[in-house]
Structures are given as C-alpha cells and as structure tokens.
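The structure appears below as structure tokens.
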Amino acid sequence: DGWKAPIEIKKEGNRHFYYYSDPTFSIDNTLSEAQIKQIRSYVEFLSMIDGLPQFEGLGDSLTKLGLITYSTNTKPCFSLDHNEYIEGKSHITLLFNAIQEQTVLKITYKPFDEEPAEYKFHPQFLKQYNNRWYILGITEDNPNQIWNFALDRIKTINPTKLQYKKIDVDWKTYFEDIIGVTNYADKPVEKIHFRVQGITAHYIKTKPIHESQNAHWLDDNTLDVKLKVKINPELEHILLSYADSITILSPQSLINRHIEALKEALGRYVEEEKK
C-alpha cells in the first residue's frame, strides 16, 4: 500500500503466489533523490535521540534497504540536549514496550529521601523533562491517581500477569496547565505574577516559561510576566533559578515559599562563613 506496486496474486490449489506483474519494478526506484536525501536527514536527526526504542536499528535497516548510505567522513551538523550519563535510561525500552503491550509491572522505586517501596504499576505514558525521563501511570492499589516515577530512581522492573488497566487521559491536555510532570489533581490553576530585570528578562521574553505566558515591557530593563499554571515543584525551581533578577508579586503562598527557600540558601552561606 502506498507504493503503487503492480502486485498480482496467482492461486494454485491451496497455495497463493504474490508477484510483480512488471518484473523490473522496484520500490527503490519509486523514491526520488530528493526523498532519499530527506530520509537521510530524518535518520541523522533520530539518531540523536538516544535510547528511544522506536529508532533502535533504524539506520541499519534503511541502509540494508539501500535507502541511505553512510560515509565515515560524515559529521553531524547539530546536537540535541540530552544527558547520556543519566541513570535509568536503560529502562526506557522496557517501559515503552510495556505500554505498547499493556503489561503490568512490579516496580521498586527509591525516592531520594525515603525507603524503597514496591508498586504494581500500569504504565501509560513516557515523558522527558529537563533531561530526565519519567513514566506516568496508575498503581494497582490506587487506580484513581496518576503517579509519575523518575526513571533514575527506579531500582528494579519485573513484568507481572495482572490484568492491565488503560486509563482514558488526553496527555496533551494533562500537561497543559503545568510545568514539568507534577500535576496535583486537587490544586487549581493560579495566576502567577512576577517581574524580571536585566538580561534574564530578555531570556524569558524570547523563551517563555509556559505557553500561557503573557509578558510586556515596563521599561527597557523590566519585564512584567503573568502565567496561568498550577503551582508545583518544577515551577518553584524555575523561579528560584532566576532568584537574582526576579520579584514574585502573587500569589502570596508562592511568595512565602520563595522567600523561605532564599532564607535557607542564605543561611547555609552564613553558617559556612562561621566555620
């Protein structure tokens, strides 16, 4: 299908034979040089996405088909931002396949500040954020709550024979009102208002923090920014990363948490100076 191949079927008893009515036909000949060049570009791009099972061996397969050729002198002309040394990357293929094959997994998960715990997990969606991979899904004991596990904190994964439960979630919509992966079901979307000064203001203007960002210049040095998102750890971390040039104006709960984090940071420097 799609190649307009002149395929005919010949039946002899219970056996069927499929053949080209035109013996000179070849799929290779249906691709133009421009299409082959485009395929080469796609493969080069996909090869940069390290660890994704969909693309493993893609280059080799297309080479065998004669659709692309590689030269030892070929050098990539771009690079994607990823951390090839991050822990847990080896889990991606197993988790991807578990989603596709609808397999329930027994996962041992170790948060940084807690003891490890075991979950019977129904994986639903893989997401990358800030160079870290996460798997989202539900647990056997709590099917009404969506959990997210960072792959670098998963210690063991084993398949089970439990019946898989697929949840009806539009994942694009699920991530619309948040930054990152943490979506608190019981938290409302809030209006976040802050101002940014200096060079940081230009970065935020040209690279919005969230798709809801509404920003305008108050003067040549001050950007007024408004977001509509749920407050979660990812948002707080981003705002703290701009601590030397940002002033949060609302909501008050976010201001209080921001101030407490700054006090804790300053306190560690004060203690270090006393030593």
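The values are calculated or read from the model by the stated rules, or taken from the named source; none is laboratory data. Fair warning: this is a prediction, and the values are worked out from it, not measured in the lab. Every residue, glycine as well, gets a Cβ built from its backbone with ideal geometry; the counts of neighbours run over all protein chains shown. Each accessible area value is taken on the protein alone, full model and side chains, heavy atoms only, with ligands, DNA and RNA left out. Shrake-Rupley method; radii C 1.70, N 1.55, O 1.52, S 1.80 Å.
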statement: For the stretch 216-241, pairs from a residue that is within 13 Å of I178 (Cα to Cα) to a residue that is among the hydroxyl-bearing types (S, T, Y) and surrounded by 15 or more Cβ atoms within 10 Å (Cβ to Cβ), with Cβ under 8 Å and 6 or more apart or across chains, are L227/S212; K228/S212; V229/S212; N232/T182; P233/T182; E234/Y129; E234/T182
message: Could you tell me how many of the residues in the stretch 117-133 are open to solvent by 40 Å² or more (accessible area, probe 1.4 Å) and part of a strand (DSSP E or B)?
response: 9
- request: Quick one: count up the residues across the stretch 104-116 that are open to solvent by 30 Å² or more (accessible area, probe 1.4 Å) and closer than 15 Å to K165 by Cα.
  value: 1
- prompt: Which residues, taken from the stretch 190-233, are within 24 Å of the chain's Cα centre (by Cα), under 18 Å from L262 (Cβ atoms) and surrounded by fewer than 17 Cβ atoms within 10 Å (Cβ to Cβ)?
  reply: P233
